[in-house]
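S.K.: I'd like to ask some things about the structure below.
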Amino acid sequence: MAPNLFPSEKSPPLLPVKDIPGNYGTPFFSPIKDRLDYYYFKGHDAFFQSKINLYGSTVFRTNMPPGPFMASNPRVIAVLDANSFPILFDVSKVEKKDVFTGTYMPTTKLTGGYRVCSYLDPSEPAHAKIKQLLFTLLASRKDAVIPAFRSAFADQLFAAVDSKLASSGRADFNAINDEISFDFLGEAYFGARPSKVGAASGLAGKATTWLSLQLAPLASNIVTKYLPWFIEDLLLHTFPIPSFVAKPGYKDLCAYFQSAGTAVFEAAGKLGLSRDEACHNILFATSFNSYGGLKVFFPSLFKYLAASGIELHARLAAEVRAAVAAAGENGRLTLAALEKMELVKSVVYEVLRIDPPVQFQYAHAKQDFVIESHVAAFQVRKGEMLFGYQPFATRDPVVFGPNADKFVPDRFVGDGAKLLRYVWWSNGPETEDPTVGNKQCAGKNFVVLVARLLVAELFLYYDTFTAEVGTSALGAQIFITSVTKAKAKAQLI
């Protein structure tokens, strides 16, 4: 049965109601076995596909890592198709309290003692106040984004890439991006680059250390080049890394945000939030949600652009330069020019679809209800945890056709834009907007905008590029190996 393309139209319950297949096995031992399969013996995709094949269903019961002793209850109902997956966003039926990182929650010692907005359910009073504060911040700085991006990326990133290529023959895009992205976010959100305002040095690295402690239970094959996998499993997935490891760096991050966020704290006071709670939430939103997202997403963009080669590069360069010629400003990018770039926008959405920066969603059932896959209906009981692995749901061939697992740059051009309702990277459909009453990413539109800016600036500056693509702890590792500058740029050098 095809998914309902018009959710407002209620369809009769035609699908047979079945018991959810699968089981949780033997307590303690089965969760550990599933963890080892997931991280080391099978890998993410093969782990889920093997269970789909075993049960003949995209909805099934399983254990999710990290399991013992990190998480007290690893039991979930997996929903891995485009029909069942959206239940995770329906806050009338599910609760999103303390499930941001899944079946475990990092200690609040890493967030100043607060449960920050990402861990709050919309039913909690603080959620609306904090999310409104984030909306206020984004709205107040909307005119600063393009100038900040231009000065950080167009004026620095490409110069750094060119310099590294000239000196060593390849450029580590991830390392360059990590430094520049943190500075960009500081300038875009607060008008204060961390590296330029007398803040403690190395804040980007300190943010990365702080991030790593929270994400370590979800990571694998980080040190297996040097240590056996079972040692890594013991170190990362059995007990939390002590929070004191990040404490000095977190103190420096707080000092920067206390200094840079004066205007934000005034808005927080009007919403009934203390300066301290606002600071820790703004720090989390900037350093985890935004910075962590760009650390993952920008290398992913480069991965798919590099693999697509010169033909796509030529199409993108032609579109970008024609739009800038028609609606740019002295040869530079403007919002009006960006809005003319359909292919650029489609490329960004396609990467968000095929390789979403946030791959997992979790929720607890608030009540008994029935969910539907494409072929059957299943009874969910109050209190059960639902889990979605987004790359399977957003590569569903029932929705995206036989090339669902292929990168198709112009998938969302023209009538293809109708499929954006099945792009869920932001914890909600791309066709909807975040509100204080849902859990969709407050910075959803900001992320799409800066990704479009990156692609546009890239093909204003270069005709084409090549890269070596590997893997890092967070996703793709990109080493740029060659570039061909746009003729106008080359003449200026």
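S.K.: Quick check on my filter: what residues within the range 323-357 are of a type outside the set (A, V, I, L, M) and without any contact (Cβ under 8 Å) to a residue 24 or more places away in the chain?
M.R.: GLY328, GLU329, ASN330, GLU339, LYS340
S.K.: Right, next: Pairs needed: first member in the range 407-429, farther than 25 Å from GLU311 by Cα; second member anywhere, among the basic types (Lys, Arg); C-beta distance under 6 Å; at least 6 residues apart or different chains.
M.R.: VAL423/ARG353; SER426/LYS444; ASN427/LYS439; PRO429/ARG421
S.K.: Of everything in the range 390-399 that's part of a helix (DSSP H, G or I) and open to solvent by less than 10 Å² (accessible area, probe 1.4 Å), which residue is nearest to SER84 (Cα to Cα)? Break it down stepwise before answering.
M.R.: As a first pass, look at the range 390-399 and keep what is part of a helix (DSSP H, G or I): 390-393, 397-399.
Keeping just the survivors that are open to solvent by less than 10 Å² (accessible area, probe 1.4 Å) gives 390-391, 393.
On the way: GLN390: 11, PRO391: 14, ALA393: 9 Å.
Result: ALA393.
S.K.: Restricting to the range 289-319, name every residue that is under 19 Å from THR107 (Cβ atoms) and either open to solvent by 20 Å² or more (accessible area, probe 1.4 Å) or of a type in the set (S, T, N, Q) (or both). Even if it seems obvious, please write down each step before you answer.
M.R.: First, pick out the residues of the range 289-319 that are under 19 Å from THR107 (Cβ atoms): 289, 292.
Scanning the range 289-319 gives a single hit, ASN289.
S.K.: For SER57, state whether it is at pLDDT 95 or above and either within 23 Å of THR394 (Cβ to Cβ) or hydrophobic (A, V, I, L, M, F, W, C) (or both). Can you show your working first?
M.R.: Details: at pLDDT 95 or above: yes; either within 23 Å of THR394 (Cβ to Cβ) or hydrophobic (A, V, I, L, M, F, W, C) (or both): yes.
The answer is yes for SER57.
S.K.: Next question. Do you know which residues across the range 354-372 are closer than 30 Å to TYR304 by Cα and of a type outside the set (A, V, I, L, M)?
M.R.: Residues satisfying the conditions are ASP355, PRO356, PRO357, GLN359, PHE360, GLN361, TYR362.
S.K.: Further question on the same structure: In the range 177-189, is there at least one residue being free of Cβ contacts under 8 Å to residues at least 60 places away in the same chain and open to solvent by 30 Å² or more (accessible area, probe 1.4 Å)?
M.R.: Yes: the range 177-189 contains one or more residues that are free of Cβ contacts under 8 Å to residues at least 60 places away in the same chain and open to solvent by 30 Å² or more (accessible area, probe 1.4 Å).
S.K.: Out of everything in the range 226-285 that is open to solvent by 30 Å² or more (accessible area, probe 1.4 Å) and among the β-branched types (Val, Ile, Thr), what residue ends up being nearest to SER72 (Cα to Cα)?
M.R.: In this case the residue turns out to be ILE241.
S.K.: Further question on the same structure: Output the residue which, of all residues in the range 68-111 that are over 23 Å from LEU215 (Cβ atoms) and among the small types (Gly, Ala, Ser), is farthest from the chain's Cα centre (by Cα).
M.R.: That would be SER92.
The values are calculated or read from the model by the stated rules, or taken from the named source; none is laboratory data. Quick caveat, the model's predicted, so the values are computed rather than measured. Every residue, glycine among them, receives a Cβ derived from its backbone with ideal geometry; neighbour counts consider all protein chains shown. Note: areas computed on protein heavy atoms with side chains; ligands, DNA, RNA excluded. Shrake-Rupley method; radii C 1.70, N 1.55, O 1.52, S 1.80 Å.
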